[in-house]
Structure formats: C-alpha cells, structure tokens
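These notes are about the structure you will find just below.
The values are calculated or read from the model by the stated rules, or taken from the named source; none is laboratory data. If you're wondering where the values come from, they're calculated on a predicted model, not measured in any experiment. SASA here: full protein model, heavy atoms, side chains in, ligands and nucleic acids out. Shrake-Rupley method; radii C 1.70, N 1.55, O 1.52, S 1.80 Å.
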Amino acid sequence: MTGPASSTAKPCSGRARLLVVLTTAGIVVALAEWGSSRVIPPDLAPEAIGRPENVIWIPRLPAELPMDRGGASVWMLGNSHTFALPGLKPDDELRTELSGIVIDRLSMKLTAKYPGVQTNLYLLAYPNFLPFEMLTRVGQMLERGQRPKVVFLGLTFANLARDSRLRHEVYLTYREPGFADAFEAMLVDPTVHADGEILEEVGAQRRRAEHDQEAERLRSDADRLDEQLVTWAAKRLTLIGKSSALRAQAMRKLMGGIQQKWADRQGTKYSYDLIEHDFAFNVKCLKALLRLLKQTGAEVLCYYAPERTDLPLMIDPVRQEAFMAAFNRDAQELGIPVLDARGLVPNEYWGWVEGAPDRSHFTEPGHERLAEFLLEEAEKRSVWKELTAP
C-alpha cells in the first residue's frame, strides 16, 4: 500500500530552482529593456544622415576628444537649444543627434560665403550645460593645443540660476594625466585671474580624481570583472547605458507637476527658483571662461538663447534682467559683443515634449533663423575676417 502522492514526490532540485530564478530575471530585464527603449529614442549617428563634413560634434566623454582638423576653427558652446529638436505633436519624443541644427546651417552658409577657406565647426554642448562644466571642457581643448578663431557662446539664464555640480562625464576630465596642473596654470594667469572659489573647486576635483584612481588601483579582480560586464551591458541595454536619461525624464515629469502645484499654492507664477550660491559661482565661472577664450586671441560672441513668450514664466525676470545688465558691462570691457536672440524665434516655431509645450527647444525653422542671425551679426562686426587670418 502506498501513501499519498505528495509523500513520494521529489522536491524541486537546486538546479531547477536556479533555472526558474534566471528565467524570471531574464523576463524582467527583457520587459524593462523593452519599455525603456521606447521611452528613450535610439541614437542616430550624425555622420550617417548628412551632417556637413566640416561639423564636428565634440563627444561628451573627455577621453573621446577628437584631434583638431586644422584650418580655421569655429566653436559653438551651449546647452540643448543648440542640438535638440522638439516633437511636432504632443505625443512626439524629443529629437536629438539629427542634422539640420544651427551649427549645420551655419556651416553651409559659411562654406557658401568663403568657398576657398578650410573651416571646421566644433559643437561642444550638453543638456543644461553649466558654466564650470564649460570652463573645464574648454580648458581641456586648449590643453590639447586646439585654438579657435571664432567662438559662439549661447547662454540660458536657467543654466545660471541653479546647480553648479559637475556631471560625471565632465568630471572625468580631471582624471586625464596632467590636466589639472595645466588647467590651474591657465586659470591663475593674470589675463584670466579666475576667482579663488573656482581654483578651490578645481583642487577638489583633482583630489577626487586622485582618490578614485587610488581606489581603482586597489580593486580586486572580481571588481574589475564586474566593471567590464557593466560596460559591456551599458553599450547594449538602454536600461543601463541610458539610465541617466531615463532618470532625467522621470524627474522632469515629477518635478514639473510638483513645481506647478507649489507655484499655484504659493500664489506665484514662477516655479523655478534661483539658488544664490550656485548663481554666484556660475557667474564667476562664466567671467573666467570669457577671459580664457579672449586670451587665445579668438573673436568671441555671446548670445542669449531664444525664448518662447506664449507660456508663463518659470523664473523671476527681474533677476534675469539684472544679470544681463551686469554681464553686458563685463563683456563690453573685454570687447565681447553680447547679442539678444531671446525674441528671435516665433512661438509657432516651438514644439512639444512629453505631451507638453517645449520651453527649451525649437524646430528646424528656428534653427535656420538662429544660424542666419549669428552669421549676420558676426558679419556686422567683421568677425569672419578671422577665418582668413594666418
């Protein structure tokens, strides 16, 4: 006589349990990757879709900085208004890495105007590009021996009003051998005379890099293997390789709603606060950047980036106007023109992002207007003569 079936059944083996766990984990990762890859649009290689050959997009990882191609160099510095295109409908995603942006259009106009001059245009831009980050990456390019003939610096007040910390991509510049020493030498030069707070921050980044490099030297083989696996996965999985972009999208949606509700509750129409310490530090970095660029002998033009006027303001315009008045005086002392392009792009040339009107990016006709504006304003000031100077 036999007992109940349950008493004779064999328990699930360890190998079977492991298979179930791995299968479940694989399904979860696959679903997460499927979802995240639809939130973040795929990258499109600029050179694969007709970008002019003389336009060079500076990679955001410092180690990938390309060699200078020679000829007359035109640099464009700015945030995502220089390279991103909004969606054309509310459900459309932000479009990035596409041709037809301002630097492409400026390149074509310059080529037509000076067909016999070898001119290369370099775009150095990040989303929400902060002044200390600009200063660091420009320092790297100068330390590598690259020298511009003409520089366009696009400014957005929101990038000055808050936040001053280096993102990890820019911090990696300080891990390059010899960079921190060379950068400090540039900043203490009497013609640049960077503020002491900037030098303190450079020293802090140097110490951070030295600490991280020492920690890496002492890492175990298992840690090194783990890093290699993460690097391999980051190149193949949106969920890992673009985790910062995913977090940024989630944060924009969350904070946008919170800021609007807070503004409504407080009875104010401004939902984007200025942080005094960040603002003061950013202005110091911006001044040092202008003096550093002028030291190279380049023609420098600053411009206030276009803004749309059909949405409520996000930040107090009184502080913006006060900053602009002071900055204009500082730039004038250095012989640097400051152009006001805020009203250049009509409201109908702006688009959509994440189901809401886009406040930061304008469509292709707006990029055409900005390129034409920069070309003409530089022409008025005889800036383009630098392209043919020896």
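The length gained on full extension between GLU93 and VAL21, counted as 0.36 nm times the residue separation minus their Cα-Cα distance, comes to 22.4 nm.
Past the 19 Å Cα-Cα mark, which pairs from LYS113/LYS294; LYS109/LYS380; LYS109/LYS385; LYS113/LYS380? Each step should come with its number before you reach the end.
Details: LYS113/LYS294 25 Å; LYS109/LYS380 15 Å; LYS109/LYS385 15 Å; LYS113/LYS380 14 Å.
Result: LYS113/LYS294 exceed 19 Å.
For the range 274-386, with all protein chains in place and a probe radius of 1.4 Å, 52% of the accessible heavy-atom surface sits on carbon or sulfur. Whole angstrom only: what separates the Cα centroid of the range 86-142 from the Cα centroid of the range 317-390? Using only Cα atoms, the two centres lie 13 Å from each other.
Give me the 1.4 Å probe accessible area per residue for the range 121-232, excluding ligands and nucleic acids, in Å². Before the final figure, lay out the partial values.
Numbers: 5210 Å² over 112 residues.
It amounts to 46 Å² per residue over the range 121-232.
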